[in-house]
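Accompanying notes for the structure given below.
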Amino acid sequence: MDSSVWDERPVLVTGATGLLGGWLVEALVARGARVVCLVRDRVPHSRYRTEGVRGRVQEVRGGITDQPLLERVLGEYEVRTVFHLAAQTLVPVADRNPVATFETNVRGAWTVLEACRRSPIVSETVVASSDKAYGSQSVLPYTETTPLHGSAPYEVSKSCADLIAQSYAQTYGLHVCVTRCGNFFGGGDLNWSRLVPGTMRDLLAGRAPTIRSDGSLVRDYLYVEDGVSAYLRLAEAMMHQRDLAGRAFNFSLEEPLTVLQMMSQMAQAVGVDIKPIVLGGAAQEIPSQFLDSSAARSDLGWRPALGVTTGLRRTAAWYRDHLRAR
């Protein structure tokens, strides 16, 4: 990656207090970018705050459905590159609160894209979709040509945002690309209902973690620092390849694992031999979801540098330090 392209480059990041957002902002700042973060809520234990990232960026308070605010931010800070990561990402919350999820994930997407369309200087926009946008499919792995077929509220919200981004590229020539990533994991994720944070906390405390499903669900995983490299590589490619507009790229480690296999690897990373308690529920979950990332390899030259084993070791070390300091 050519880090020099970021030197003094004005960049807007939405979703900076999230897992990926905190790591991405930190990486951009380290490369010399002038980062503006749109932040709606104060998240006191996010990496954005605990790692001192907040003090090295320009923070604007507000929501992603506020178009006048977004247009002001893009104009006043002369933003060239936009990373739109902000979203409601929790599936149980989406099931309970579909309208709020659609407001954030769908309306938020078109609001950001419209503000970028109306800006005379925004050069490239990267929109975060998800492997969940594909929904349930009979043929795996998902490729970028697999139809977007979300059915549950969260899946639908990501399918919609993804299609809206493609529409802005095809209809208005907006230089926007979409990322579809596997399940992120890494230090800084404090949503204990998620698989990796909850399991890490239990294992480090010497407790048996609980699996809501029967443990056979197959998922893709992506260590957060590998995810950051994917976002940076895509944006850098967009700076030089205008024909990428409207394309979506899958990013994953291409190592699909069952929940039981992932938990076993987490136990190895922590250095314990504790078996999980399997509840056998979560019957409505999609059985298997995993991605083909060959387009990212061939067209962007991206490859994950760390992977599951190293990523989990780093993740375990972060949680060990974090939980010890509490």
remark   = Here the FRET efficiency for residue 50 versus residue 208, based on Cβ atoms and R0 = 35 Å and rounded to 0.05, is 0.75
query = Expressed in nm², what is the orientationally averaged projection area of the convex hull enclosing the Cα positions of segment 176-271?
reply = 7.1
request  = Check every DSSP H run in the chain and write down those whose alpha carbon atoms cover 18 angstrom or more along the long axis and whose mean Kyte-Doolittle hydropathy is 0.0 or greater.
outcome  = 224-240
remark   = Checked segment 1-67 with the C-alpha gyration tensor, a ≥ b ≥ c its square-rooted eigenvalues, rounded below a/c of 1.5, otherwise prolate if a/b is larger than b/c and oblate if not; verdict oblate
note = Mean Cβ-within-10 Å packing, highest first, puts peptides 88-96, 252-260 in the order 252-260, 88-96
message = Using a 1.4 Å probe on the protein heavy atoms, what percent of the accessible area of the chain belongs to carbon and sulfur?
response = 49
Tensor-based shape of segment 54-199 (alpha-carbon gyration tensor, a/c under 1.5 rounded, otherwise prolate or oblate) = oblate
note = Under the helix-only model (-39500 (n - 2.57) for each DSSP H run of 4 or more, divided by the residues of the chain), the mean residue ellipticity at 222 nm, to 500 deg cm²/dmol, is -12000 deg cm²/dmol
query = Using the heavy atoms of the protein chains alone and a 1.4 angstrom probe, what is the accessible area of segment 226-326 per residue in square angstrom?
reply = 48
inquiry  = What are the ³J(HN,Hα) couplings of segment 288-293, residue after residue, when phi is run through the Karplus curve with 6.51, -1.76, 1.60 and θ = phi - 60°? Round to Hz, x for glycine and proline.
reply    = 9, 9, 7, 10, 9, 9
task = Return the whole-Å distance between the Cα centroid of segment 149-164 and the Cα centroid of segment 2-21.
result = 25
task = Go ahead and set up a Gaussian network model of the chain, Cα springs under 10 Å, then flag whichever of 172, 223, 142 fluctuates most.
result = 172
ask   = What's the local net charge at residue 209, with K and R +1, D and E -1, over the other residues with C-beta under 10 Å away?
value = +2
remark   = For segment 20-131, whose charge dipole is built from +1 on Lys and Arg Cβ atoms and -1 on Asp and Glu Cβ atoms, the candidate among 125, 100, 27 with its Cα farthest towards the positive end is 27
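The values are calculated or read from the model by the stated rules, or taken from the named source; none is laboratory data. Predicted model only: the values in this text are computed from it and were never measured. Glycine gets a Cβ as well: all are built from the backbone with ideal geometry, and neighbour counts include every protein chain shown. Side chains included, ligands, DNA and RNA excluded: accessible areas come from the protein's heavy atoms. Shrake-Rupley method; radii C 1.70, N 1.55, O 1.52, S 1.80 Å.
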